[in-house]
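The values are calculated or read from the model by the stated rules, or taken from the named source; none is laboratory data. Since the model is a prediction, treat every value here as computed from it, not as a measurement. A quick note on method: Cβ atoms are made from the backbone with ideal geometry, for glycine too, and the neighbour counts reach across all protein chains shown.
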Amino acid sequence: MFPRFLLKHVPNVESRGCGHPRCQPTRLSRVQLAAGRPRSTTYQNLASHLRSSPAHRFQTLTHAYAERVVFDGDKAIGVEVSIASSPKAVDQRLRFRAKKEVILATGVLATPKILTLSGIAEPKELERLDIPVVASSPSVSRYFHEHVGLSIVAHTNVPCPEGFHLTEDGSTTHLGNTDQFIGQIYAFMNATNNTPGAAGPLDTEVMLLEGCLEGHLTLTFTLILLQARTRGRLVVQSRNPFSSPHLDYKPLSNSEDIQVLANAIRLLYQGVFASPELAPFELGVSPGMEVIGDFHELAQWIRANIYYYSHPTGTARIERAGEPGVVDSELRVLGTRNLRVADTSVFPESPSGHSDAPARLAGELCARSILSNIQKEEVDKEVAGGPSVQLRGYPVRMPLRGFGTNGFQGEKVKNSLRSFFQLGGRMIDTALLYENHRDIGEALAAGTVPREEVFLISKIPPTEMGAEETYTAVQRAVDELGTHLDLVLLHWPANFDKKAPLPRCAAAGWRSCRAQAWRGMERAQNEGKVRALGVSNFGVRHLTELLADGPSLPIAVNQVEMHPWWPQLRLQKFCREKHIQLIAYGSLGSSLLGGATLRSPAVVKVAKRVGRTPAQVLLRWAIQQGIAVIPSSSSVGRMEENLAIYGWDLSAADMEDLKVYPADRMRIFLPDPENAP
């Protein structure tokens, strides 16, 4: 490739020799290459026009230093900023409050530092700095990697024209004029597997620059390692926001990086410098062949001549399957709400090329996600049944308020649903074990609410696990209800009733049963009997096993007992990280307890403070954490009360007061699903 390009400018070079005028290097300026258009910046393209708009809200501050993100619980609510002419001369500190979200786009070095100072990092690091933990995120500041490069200059016998490639002080340079610094060739190659015709990663970039030294043309070949395997980390040394973090990074620590660069250099020497087409140019190249032929000497030369290329990535990387990260696929910081990162720190791997355009793409993708969420919020206002949530992996939105029908049968469930629909409720939770499917089906058929506005959930008991058995159970539920299911769940991870018959799959173990049952539900979903799939009463171990067994469709929901006395923090964190929506049952306790949860001093205290009922406080506790609720009540007044849990918030102090655990931690309903095999 290289000889062909060079010969395009010097035809018949073998017969004419390098003294011929056609051998003289020529340069086309960038202005001409841009067809007369002036060069522009990212700011000019994307932001400058906002200032000419009368409706713009875009503002910039100079001498402003972001110190930390401000949180209310796990919700980002603003940013603290110092206005300072220098780090030692802070004029004022400001706090900006966010109406929607906080976007962190401060780069590979500053982003992990600000996350750490905000309480998002490895807990031991935060403890060392005496910073309260907002979210445990061990991947913050880790996995730093960088493009590194080196240059090989080839001297030729081609004279440079007078005044060609002069620097500002009048000397010549092998890199060309600073105002015309542009490569003649950019090539990307695989130096990991150099078998002819073999495929492999684009792990090396080669850039050719022309210049002049001592009156003769030089060709500078810059080799850039694109996929370095060496990783480093940042260490935040102080709570002082003006203190620089320490970078613990030793380039080429991974021996594979040395091998790839050595391969690339040898390919360059063998394929380009030794080519017969370049012989007339009398190339003089350093290092010499004695270094190239000895791997130990070549490795030493590489280490001595390596330099950073200023394309760092990875310190707040996206979480991927089997690999921990800091943000999800929509750049939201895991373990928090309303906080995103939009810079190259989110890249889990270096791009195989320069990172300036991918950096802009990170901002573009972040903006798209935000706009998409805003559109969803607008849709939420119109969704029947009130605010809803998108179930991951399915074109389905689920209301966050529902009605549990356990213990409701006959006219009781029909009358209750009639009142529930009149009050605006739309989500119904039932199960085959509740034995009320036909009653609910009749209520749906007799009601005035269109079926498409109702979100219907049912559950399959463990006695009917197995690929064929679960599929048949779903079909029976659909037949009894007289309509499709919007969501079907595996009711329990195993059978606790010793009197109940065991399914055939139990002979191979309950883990096998759960995997087979999931395949049966997937079949029902593929046939249109069900719109989304999930589980109920599954612990972290059960979810981990089911995910490891390779379901074709995502686990969208986990319905579990959850309330201030049994918050299941570990399960909450796991489901949040895996994008599994939680539905809480037992939010108001059990009648068997005589209303003990509703009479709890902590709940009563908060209820008086916010001017709401204890039941509303307990339901809001879940809703405010993004957890759906399905309380049960046949009383119209109580039903209306249970639905009135939007339009107001519990403060951080209220949520703190409701942390009655671990002293009063207890389950209300038995058995404990964590004990399931």
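Going residue by residue through segment 569-578, is there one that turns out to be over 20 Å from Leu391 (Cβ atoms), of a type in the set (D, E, K, R) and part of a helix (DSSP H, G or I)?
First, pick out the residues of segment 569-578 that are over 20 Å from Leu391 (Cβ atoms): 569-570.
After this cut, where a residue has to be of a type in the set (D, E, K, R) as well, the list is 570.
Of the ones still in play, those that are also part of a helix (DSSP H, G or I) are 570.
Yes, some residue in segment 569-578 is over 20 Å from Leu391 (Cβ atoms), of a type in the set (D, E, K, R) and part of a helix (DSSP H, G or I).
Here's a check for you: in segment 428-441, which residue that is among the acidic types (Asp, Glu) and either modelled with pLDDT under 95 or not in a helix (DSSP H, G or I) (or both) is nearest to Ile630 (Cα to Cα)?
Taking segment 428-441 first, the residues among the acidic types (Asp, Glu) are 429, 435, 439.
After this cut, where a residue has to be either modelled with pLDDT under 95 or not in a helix (DSSP H, G or I) (or both) as well, the list is 429, 435.
Values: Asp429: 7, Glu435: 18 Å.
Restricting to residues being among the acidic types (Asp, Glu) and either modelled with pLDDT under 95 or not in a helix (DSSP H, G or I) (or both), the top hit is Asp429.
Working carefully through the options Val488, Val540, Val535, Val474, find the one that is in contact with a His (Cβ under 8 Å, 6 or more places away or on another chain) and either buried (at least 19 other Cβ atoms within 10 Å of the Cβ) or not aromatic (Phe, Trp, Tyr) (or both).
The conditions single out Val535.
Taken over segment 595-610, residues that are assigned to a helix (DSSP H, G or I), among the hydrophobic types (A, V, I, L, M, F, W, C) and free of Cβ contacts under 8 Å to residues at least 12 places away in the same chain amount to 2.
Among the listed residues Phe420, Phe403, which satisfies the condition of being within 29 Å of Lys529 (Cβ to Cβ), hydrophobic (A, V, I, L, M, F, W, C) and outside any strand (DSSP E or B)?
Answer to the selection: Phe420.
Of the residues making up segment 341-367, those that are over 24 Å from Gly232 (Cβ atoms) and of a type outside the set (A, V, I, L, M, F, W, C) are Arg360, Gly363, Glu364.
Of the candidates Pro287, Pro251, Pro276, the single residue that is outside the structural domain of Glu577 (by TED's automatic domain parsing) and either basic (Lys, Arg) or farther than 20 Å from Val206 by Cβ (or both) is Pro276. For segment 533-562, the set of residues classified as touching a Phe, Trp or Tyr at 6+ places or on another chain (Cβ under 7 Å) and part of a helix (DSSP H, G or I) consists of Val540, Leu543, Leu546, listed by residue number.
Please verify whether Ser632 is touching a residue at least 40 places away in the same chain (Cβ under 8 Å), among the small types (Gly, Ala, Ser), surrounded by 17 or more Cβ atoms within 10 Å (Cβ to Cβ) and not assigned by TED's automatic domain parsing to the domain that holds Val488, treating the condition exactly as stated. Please lay out each step first, then the result.
On the way: touching a residue at least 40 places away in the same chain (Cβ under 8 Å): yes; among the small types (Gly, Ala, Ser): yes; surrounded by 17 or more Cβ atoms within 10 Å (Cβ to Cβ): yes; not assigned by TED's automatic domain parsing to the domain that holds Val488: no.
For Ser632, the condition - touching a residue at least 40 places away in the same chain (Cβ under 8 Å), among the small types (Gly, Ala, Ser), surrounded by 17 or more Cβ atoms within 10 Å (Cβ to Cβ) and not assigned by TED's automatic domain parsing to the domain that holds Val488 - is not met.
Is it true that Gly425 is buried (at least 16 other Cβ atoms within 10 Å of the Cβ) and modelled with pLDDT under 95?
On the way: buried (at least 16 other Cβ atoms within 10 Å of the Cβ): yes; modelled with pLDDT under 95: yes.
In short, yes.
Taking residues in segment 419-438 that are within 15 Å of Arg401 (Cα to Cα), and partners anywhere that are acidic (Asp, Glu) and surrounded by 14 or more Cβ atoms within 10 Å (Cβ to Cβ), the pairs with Cβ atoms closer than 9 Å and at least 6 places apart or on different chains are Ser419/Glu640; Leu423/Glu640; Met427/Asp486. Looking at segment 87-102, which of its residues are aliphatic (A, V, I, L, M) and surrounded by fewer than 21 Cβ atoms within 10 Å (Cβ to Cβ)? Listed by number, the residues that qualify are Ala89, Val90, Leu94, Ala98.
Tell me the residue from Gly647, Gly637, Gly589 that is buried (at least 18 other Cβ atoms within 10 Å of the Cβ), modelled with pLDDT under 95 and either out of contact with any helix residue (DSSP H, G or I) (no Cβ under 6 Å at 6 or more places or on another chain) or closer than 21 Å to Gly386 by Cβ (or both), please. First the steps, then the outcome.
Values: Gly647 fails: buried (at least 18 other Cβ atoms within 10 Å of the Cβ); Gly637 fails: buried (at least 18 other Cβ atoms within 10 Å of the Cβ).
So the residue among Gly647, Gly637, Gly589 that is buried (at least 18 other Cβ atoms within 10 Å of the Cβ), modelled with pLDDT under 95 and either out of contact with any helix residue (DSSP H, G or I) (no Cβ under 6 Å at 6 or more places or on another chain) or closer than 21 Å to Gly386 by Cβ (or both) is Gly589.
The set of residues in segment 75-125 that are over 30 Å from Leu371 (Cα atoms) and either in contact with a helix residue (DSSP H, G or I) (Cβ under 7 Å, 6 or more places away or on another chain) or of a type in the set (A, V, I, L, M) (or both) comprises Ile83, Ala84, Ala89, Val90, Glu125.
Looking at segment 635-649 only, could you name the residues that are of a type outside the set (D, E, K, R), without any contact (Cβ under 8 Å) to a residue 40 or more places away in the chain and closer than 22 Å to Gly407 by Cα? The answer is Ser635, Gly637. Criterion first (buried (at least 20 other Cβ atoms within 10 Å of the Cβ), assigned by TED's automatic domain parsing to the domain that holds Pro631 and at pLDDT 90 or above) does Gln572 satisfy it? For Gln572, the condition - buried (at least 20 other Cβ atoms within 10 Å of the Cβ), assigned by TED's automatic domain parsing to the domain that holds Pro631 and at pLDDT 90 or above - is not met.
Across segment 650-663, the qualifying residues are those that are part of a loop (DSSP other than H, G, I, E, B) and over 20 Å from Leu598 (Cβ atoms), and the one among them that is modelled with the highest pLDDT is Ser651.
Determine, yes or no, whether Leu252 is under 22 Å from Ser286 (Cα atoms), modelled with pLDDT of 85 or more and among the aliphatic types (A, V, I, L, M).
Working: under 22 Å from Ser286 (Cα atoms): yes; modelled with pLDDT of 85 or more: yes; among the aliphatic types (A, V, I, L, M): yes.
It is true that Leu252 is under 22 Å from Ser286 (Cα atoms), modelled with pLDDT of 85 or more and among the aliphatic types (A, V, I, L, M).
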